[in-house]
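Chemist: Before we start, here is the structure in question, set down as structure tokens.
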Amino acid sequence: MNVFVKTSLAAVGAAVLLSLVPLTASAQEMTYPEKCKAEGMDMSKMGMSMDGDMKMGDMPMGDYQKASMEGMKSMHGNMMQGMMQKDADVAFVCGMIAHHMGAISMSEAELKYGDNKEAKAMAQKVIDAQKKEIAQMTKWVNKEAK
């Protein structure tokens, strides 16, 4: 599986976590719904091409990149869990929740490390919109998932 797919799948996982807590919570404080997890799938064995000291290949990462990658790592596992659901509708919604959580994590990194007022405003808009959508999707999946 290529890095793009892994990254996309990680984003969905991050989005799910946001829906279970008040809208003021950060991405790290959210948890992925149990109903979105695939039985018997050990996500700890899924690797990303990143070593322990946070480098991509030979390129060391700065604080912004480290913050973004941490969010993507958690998103990846959750997105993979969600997409393994047998019901296509549930899999889609679970995957999107994690994806949205990844968008929030990336936006939070922008707010913390960015210095452009317009970019930071866009990041805040992403956070606000994605949290609302995550809440809606989590409510649906908790009602629909068997």
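Chemist: Restricting attention to the range 88-121, report how many residues are open to solvent by 60 Å² or more (accessible area, probe 1.4 Å) and either under 20 Å from E133 (Cα atoms) or part of a helix (DSSP H, G or I) (or both). Full working, then the answer.
Modeler: Initially, the range 88-121 is screened for residues open to solvent by 60 Å² or more (accessible area, probe 1.4 Å), giving 88-89, 92, 99, 106, 112-113, 115-118, 120.
Then drop every residue that is not either under 20 Å from E133 (Cα atoms) or part of a helix (DSSP H, G or I) (or both), which leaves 88-89, 92, 99, 106, 112-113, 117-118, 120.
Residues that pass the stated criteria total 10.
Chemist: Check the range 61-70 and report whether any residue there is closer than 22 Å to T31 by Cβ, at pLDDT 95 or above and part of a helix (DSSP H, G or I).
Modeler: There is no residue in the range 61-70 that is closer than 22 Å to T31 by Cβ, at pLDDT 95 or above and part of a helix (DSSP H, G or I).
Chemist: Among I127, I134, which is open to solvent by less than 40 Å² (accessible area, probe 1.4 Å), free of Cβ contacts under 8 Å to residues at least 40 places away in the same chain and among the hydrophobic types (A, V, I, L, M, F, W, C)?
Modeler: I127
Chemist: Of the numbered conditions (1) modelled with pLDDT under 65; (2) touching a helix residue (DSSP H, G or I) at 6+ places or on another chain (Cβ under 7 Å); (3) open to solvent by 20 Å² or more (accessible area, probe 1.4 Å), A15 fails exactly one; give the number of that condition.
Modeler: Result: A15 passes all but (3).
Chemist: Still on this structure: Inside the range 81-120, can you point out the residues that are small (G, A, S) and within 13 Å of V141 (Cα to Cα)?
Modeler: G82, A88, A91, G95, A98
Chemist: Give the number of residues within the range 82-130 that are of a type in the set (D, E, K, R) and within 17 Å of M69 (Cα to Cα). Working first, answer last.
Modeler: Initial filter on the range 82-130 (of a type in the set (D, E, K, R)): 86-87, 89, 108, 110, 112, 115, 117-118, 120, 125, 128.
Restricting the remaining residues to those that are within 17 Å of M69 (Cα to Cα) gives 108, 110, 112.
Qualifying residue count for the region: 3.
Chemist: Only one of D53, D58, D87 is modelled with pLDDT of 80 or more, more than 22 Å from K125 (Cα to Cα) and more than 15 Å from the chain's Cα centre (by Cα). Can you tell me which?
Modeler: After applying the criteria, what remains is D87.
Chemist: Continuing with the same structure: Which residue pairs have Cβ atoms closer than 8 Å, lie 6 or more positions apart in sequence or on different chains, and pair a first residue in the range 90-102 that is touching a residue at least 40 places away in the same chain (Cβ under 8 Å) with a second residue that is basic (K, R)?
Modeler: V90/K35; C94/K35
The values are calculated or read from the model by the stated rules, or taken from the named source; none is laboratory data. A quick note: this is a predicted structure, and the numbers were derived from the prediction, not measured. For neighbour counting, all protein chains shown are included, and Cβ atoms are generated from backbone atoms with ideal geometry for every residue, glycine included. The accessibility values were calculated without ligands, DNA or RNA, using every heavy atom of the protein model including side chains. Shrake-Rupley method; radii C 1.70, N 1.55, O 1.52, S 1.80 Å.
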